[in-house]
1. Looking at the structure I just gave you, is Lys353 among the charged types (D, E, K, R) and touching a residue at least 60 places away in the same chain (Cβ under 8 Å)?
2. Any idea how many residues of the range 271-298 are at pLDDT below 85 and buried (at least 16 other Cβ atoms within 10 Å of the Cβ)?
3. Among (1) away from the ligand (no atom under 16 Å from the Cβ); (2) crowded, with 20+ Cβ neighbours inside 10 Å; (3) not polar (S, T, N, Q), where does Lys405 come up short?
4. Could you list all residues from the range 627-660 that are out of contact with any helix residue (DSSP H, G or I) (no Cβ under 7 Å at 6 or more places or on another chain) and not in a loop (DSSP other than H, G, I, E, B)?
5. Of all residues in the range 453-480, which are over 24 Å from Ala718 (Cβ atoms) and assigned to a loop (DSSP other than H, G, I, E, B)?
6. Looking only at the range 344-384, count how many residues are on the phi < 0 side of the Ramachandran plot and more than 9 Å from the ligand (Cβ to nearest atom).
7. Arg387 versus (1) touching a residue at least 40 places away in the same chain (Cβ under 8 Å); (2) within 13 Å of the ligand (Cβ to nearest atom): which is the lone unmet condition?
8. Looking at the range 275-317, which of its residues are touching a residue at least 60 places away in the same chain (Cβ under 8 Å) and not in a loop (DSSP other than H, G, I, E, B)?
Amino acid sequence: MKKYNLPVILLRGIVLLPQNTLKLEFDSKNIDNNVIDMSLLFHDNYILVISEYSKDNTPKIGVLSKIKNSIELPNGNTRVDIQGLRRVKTLEFLNLNKSLEPLESIVSDISIPKVDKEDIIINKLVKEIKAYIRNIPYISNSMISLIENEKDLNKFTDIVVPTLISSHSRLLEYLKEIDPSIRSEMLLKDIYQEKELFQIERNIDMKIKKKLDDTQKEYFLKEKIQLMKEELGEASLKDTEVDKLRKKIRKLSCPLKIKERLNFELNRYENSISSSPETSIIRDYIDWLLNLPWNIYTDDNIDLKAVKKELDNSHFGLEDVKQRIIEYLAVRQMSKEVNSPIICLVGPPGVGKTSLAFSIAKAIGKNFVKMSVGGIRDESEIIGHRRTYIGANPGRIISSMKKAKSNNPLFLIDEIDKMSSDYKGDPTSSLLSVLDREQNKYFSDNYIEEDYDLSQVLFVLTANYIENIPEALKDRLEIIEISGYTEFEKLDIVKKHLFPKVVKNNGLNKDFINISDNVILKIIRNYTKEAGVRELERQLDKIVRKVVTQIVMNNIKINKINIDEKVLEKYLGFEKYRYNTKTKSQVGVVNGLAYTVYGGDTLPIEVNYYKGQGNLILTGSLGEVMKESASIALSYLKSNYKLYKLDYDKITNNDIHIHVPEGAIKKDGPSAGIALTLAILSALSDKKINSDIALTGEITLRGHVLAIGGLKEKSLGALRSGIKKIIIPKENEKDLIELPKEVKDNIEFIKVKDFKEIYEVVYNG
Ligand code: ADP
């Protein structure tokens, strides 16, 4: 094997393979300049290029190369083009430790192993390389033309490797490998690997691209829809809506927390798909938050004289009620932070509870809102349903606050005595937390989720019966009772308030219709039966409406119309009720007194007896307590039969039947005790009871007479029925002061402690 000397160029970081060229530039002071000179002068331009050098002097594979061009540059540097020719083996390095001498090496040629089926391998390689580079943009296609005509695998591999392989270490491996078939195997392996990598990369790229594509697609579609809408003159509804909402939120005067919540929900809304049910839930919620009066306050007029004036102007009478309202407002003003009690107006329907509350609001300058809790059983009606429920809504408190349009309205809660509770929770306790000033600052509605401040609200409650107000609530209330009106009070209310109001509401001048007191009294007595004036107002309205219709239909031109008793029947039909038509005094019939939804009324009690075994039969829809009263009455008379000169056998050998008309109306309570006892006594002793007398009072087994409620109402009812004398428990004497003058003037009150006194009054008085 031939050996020869060659000057050596050592490369760092680059690899020169045979068949490839390398451009190098040398500094004029560089020692390698001498190597170039040496090659050009003594070695016929041949040179050895060593890409991997170590000082251990072990044999290495180098590339026998030839300097093709050598140009002296203006700066004194030399640029050379070196063409790699073939692999040679270094046997020895010379001048290794002589830093000033150019490096030389003794090399020998290498015999290249023969390759079987060289053309097949080349074809295969060409095919693979073509397929591979098709996907790689940075490899020039010109390489294909270079290799397509190359039939020598040894050369072929060296030509393609530097283009396809970029790793330095891998290039060195190619350099060291003498066998072309092994190099072609290496090459195939590398191509496969690269292809696989490329595929993986492509997959990732595709995935990323798809992601981008999807968002882009959505973006483009949205853009397109927007453009189409703009083209059609309708900008994206949702976008404009969101814009409007955002502006509204910015302007909304509310706690910071609410603003944050609103912005959060608006973003959710903006990003939601229109068709999703969630979208409308979010939208509704935003609307609720936006439309609640969070920080809207009206200015209170604290001039109590003006308030009193307004109450006087709008309501007749009710002097003590008005006085208590004024006192309440005065105390509330003085002690703003104190958890003062809440006004509760108690009285029968139509006595002006609602309209009084409205007048208070008007006088103070507060907005007014009314909510009825009658019939509420479920606390969620008050505090709302969670939004997760389909069709959920806030409770009535929040809904009413929205209607109120201010954060400090007068809030009327109606019919608190008609609430009940069931398994779904106790509405009373929810109501308590609404009313309590310490808790209601942070009132929480299930739907709204955020705290709402109710502490500035002026709550006013109403109820019909004091007894039916839940005890827990009663403790917190300042009860103001409004009882029914007497006929003459009603007359005044009609003249001063209701009639002018009704006439005005129907678009007429107040002097247009003339109605006499007698006619009004007739309406009161025969067309209405109530403690208040609601039905009365309705009847007056009916009359005025008919008058108006008549005028319009017949085109009548008149200045004044007179309503007398004769036309009354034409307008209102037949009389509905009859008072003062007293039945004759009878055996076994007694006037009790009741307090019903219509106010006070007489309650006739009838007793008959017939052959039997001393049974007590009770009819007329009597409640448990009233039935017990009847038993007590009978027992009392049995045990005192001698005192009342009764025949004991008559009691035991007969059945006693007690009936209280009107049979369909439910009656209950202990206050008919003495009336029941007297009715039984009258029947058994066969003595008439004067029908001018009425009685009210509870009876004990010992015959004691105990106090009753609703005396004012009952005495008003008695007055209407023409009663002249009422027997009442001595304990109720204090209530007489409150009775209207009309009642006091016309009725004599007899106060008793024991039933024996009643006997004296009725039969010997
Ligand atoms: P309630 O709430 O007690 O059931 P309302 O307040 O609805 O009764 O009263 C019914 C009607 O009677 C209203 O039009 C009201 O103005 C009128 N009214 C009641 N009491 C008076 C009164 N004292 N003076 C003037 N109008 C009255």
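1. Values: among the charged types (D, E, K, R): yes; touching a residue at least 60 places away in the same chain (Cβ under 8 Å): yes.
Answer is yes for this residue.
2. 2
3. (2)
4. Of everything in the range 627-660, those that are out of contact with any helix residue (DSSP H, G or I) (no Cβ under 7 Å at 6 or more places or on another chain) and not in a loop (DSSP other than H, G, I, E, B) turn out to be Lys627, Glu628, Ser631, Ser635, Ser639, Tyr648, Asp649, Thr652, Asn654, Asp655, His657, His659.
5. Asp453, Leu454, Ser455, Gln456, Val457, Ile469, Pro470, Asp475, Arg476
6. 24
7. The failed condition is (2).
8. At the first step, the residues of the range 275-317 found to be touching a residue at least 60 places away in the same chain (Cβ under 8 Å) are 281, 285, 288-289, 291-302, 314-317.
Matches in the range 275-317: Ile281, Tyr285, Trp288, Leu289, Asn291, Ser314.
The values are calculated or read from the model by the stated rules, or taken from the named source; none is laboratory data. Computed from a predicted structure; not experimentally measured. So basically every Cβ, Gly included, is an ideal-geometry build from the backbone, and we count neighbours across all protein chains shown.
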